[in-house]
Structure formats: C-alpha cells, structure tokens
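Peer 1: Right, I'll just put the structure down here and ask away after.
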Amino acid sequence: MLPSVGGGIRAVISARFEGGLPVIDASDIANDDIAEIFEQVADLLELQEANPFRIRRYRQAAEQLQHMDRSAADLYRKSGEDGLRQLEGVDDTLAGAIAELVDTGRLGLLEQLESELSPTALFERLPGVGEELARRMHDELGVETLEELEEAAYDGRLERIEGIGAKKINGIRNTLAGVLSRSAHRRTYRRGYTTELPPEPPVELLLEVDETYRRRAEAGELERIAPKRFNPDNRAWLPVMETTREGWSLTALYSNTKRAHQLDQTDDWIVIYYERHGAEDQCTVLTATSGDLEGYRVVRSREWECREYYESS
C-alpha cells in the first residue's frame, strides 16, 4: 500500500480507482484534478530525490492550473498541445501529460513512480537478494534507495544483518557499482532512445562543479529552496546551482538524505544531477576519509578515475 506522501493519496484520486490505479473521468476532468495529480507526481519525485527543478516545474504548473479561469481540457480539445504550451510554465513534457490525462484519464508517469516507490521491491532486483533479505535491509537499516544501500555496504551497517557474510556483501557492492553506473542507460532506454548514449561527465568536470557550488553556496550567492524532507520548519536552507558545461545540464545541491543528516555530512556530500541527449543520472561528490585519497574530493563509485585525475595533475 502506498505510504502517506505529502498528505497522502489525494482525495480526487483515491475516490476514483480502477484496478488499483488512479483513474479520472476524462470527459469531466477539471484543472484542479490535473493540479492534484501534478502535485502527487512532484511528491513522489521528491521522495526519489529527483532533480529539484523537475519537481518545481510540476508544482508550478499545478499552481498555474489552479488559478486559471479557462479549462485546460477545453483548451487542449480546441487547440491541441500547441495551445497548452502557450500557458505559463507549461513545457512540452507538461503539455503531453495534460493531453494524456484528458485523453485517457490516467498518467503513465504517476503509475511508473508508484511502482518504483517500494524499497523492498527495488532491493529484490539485486542478484542474491530475495524478498526476506530485501525487507530486512529496509527495516533494520532504514535504507530506501540503492545509493543508501551502497553506503551501508561500505560503512559496516550491512554486516550487522544476521546471515550476511563477507562474500555476499562484496557481491552486493560490485552489483551496486554496476547498477548505479548503468542507471542513465536504463532511464534513456525507457524513454525509447536507441542511439548510443554519451558517456558520464568526466570526473574533472564533476569536481569542478563541486568546487564551484561549495564556494558559491558558502558565499551566499545561490538561490535557496525549502526541501520538504527533514525540514519541519519549512526553512529555505538548501542552495541550488544550475549550470551547463560541455553540453551537460547540471544541477548541484547539498545532500538532503537521512544518512547525510545522521552523520552531519549535508555540507560535505554534494549531489550533482546531470543530463544530456535524454540520458540523465546523478552522482555524489564527497571528501574521502580513508585510503590514499583521504582528504581529497572524490566522485563516489568513480574513485579510481579520481585517483588517475589527481595523479596526472
């Protein structure tokens, strides 16, 4: 069952279910209906720590729809997606989402996000991890994402689960390294791209963005947003930087994960989202605390590349 997200499943959706998935009567869809669904998409994206500017686009579109005097559904029926794109804050993606809701009464993106939400289902996809072990990983360690599981595999927490030996932990580490590095390929494949994907941004570019972000954040030069997670006072404390370099669109911000807060590392762990040609992924840059890179800034899971970069420098 879907947990409470931003106030729970919206009343407009929960009142109309078919086969366990939200369905709306497309013949009578109102702006408020579309706005509620966009808000839920934003909530689920936020839980998955998606690009904050992608989240904001859905929230801003929801607000715009709620204040419109004209029906977005009527506008679409009369002028198509071109008419929707004339609305403030509505880009091609949002216009397509509105059109899908008007035509079908449901939104595929929302269904996809809901299916991806369960941490147990996510961990079960890893080789050698069954339903019981996946559940214990989530319940005993409190990890909810593959990135958080990778942290647990390296910081000793995974060893605390009874029945997991060194061999299995090493296998999980190796699997996660491959899975996380291939995530951009999987996401692009789901979008229907068939051309060869661009490589990940080089570590020197990511380290440069990391350095620029931390310097500008400390100087107070960046816009600050109020994240919904771990922010009971709704304080705008999280600096965000957007930049375009070498054809990559990049967004950098302090890590707002549960683990970062627990270890008081929010200002040291920098999350960088990157996108080019439809492929998107994210990485974390932090200060190494052991080994020959101790004290250096490194891109997690790409330490060997960072080592080569520093040696060549």
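The values are calculated or read from the model by the stated rules, or taken from the named source; none is laboratory data. What you are looking at is a predicted structure, and each value in this text was computed from that prediction instead of being measured. Here the Cβ positions follow ideal geometry from the backbone for every residue, glycine too, while neighbour counts run over all protein chains shown.
Residue-by-condition table, conditions (1) surrounded by 11 or more Cβ atoms within 10 Å (Cβ to Cβ); (2) touching a Lys or Arg at 6+ places or on another chain (Cβ under 7 Å); (3) over 23 Å from Glu151 (Cα atoms):
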| residue | (1), (2), (3) |
| --- | --- |
| Asp210 | yes, yes, no |
| Arg214 | yes, no, no |
| Asn231 | yes, no, no |
| Asn234 | no, no, yes |
| Leu238 | yes, yes, no |
| Met241 | yes, yes, yes |
| Thr244 | no, no, yes |
| Thr251 | yes, no, no |
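Peer 1: Restricting the range 282-304 to residues that are of a type in the set (D, E, K, R) and modelled with pLDDT of 90 or more, which is farthest from Asp268 (Cα to Cα)?
Peer 2: Once the filter is applied, the top-ranked residue is Glu294.
Peer 1: Name the residue that is surrounded by the fewest Cβ atoms within 10 Å (Cβ to Cβ), counting only residues in the range 119-144 that are modelled with pLDDT under 75 and of a type outside the set (A, V, I, L, M, F, W, C).
Peer 2: In this case the residue turns out to be Pro127.
Peer 1: What's the total number of residues in the range 126-145 that are part of a loop (DSSP other than H, G, I, E, B) and in contact (Cβ under 8 Å) with a residue 24 or more places away in the chain?
Peer 2: Result for the range 126-145: 8.
Peer 1: Sticking with this structure for a sec: Mind checking which residues of the range 44-68 are at pLDDT 85 or above, surrounded by fewer than 21 Cβ atoms within 10 Å (Cβ to Cβ) and part of a helix (DSSP H, G or I)?
Peer 2: Once the filter is applied, which keeps residues that are at pLDDT 85 or above, surrounded by fewer than 21 Cβ atoms within 10 Å (Cβ to Cβ) and part of a helix (DSSP H, G or I), the range 44-68 yields Arg54, Arg56, Arg57, Arg59, Gln60, Glu63, Gln64.
Peer 1: Listed residues Ala99, Ala73; which is assigned to a helix (DSSP H, G or I), among the hydrophobic types (A, V, I, L, M, F, W, C) and touching a residue at least 24 places away in the same chain (Cβ under 8 Å)?
Peer 2: Ala73
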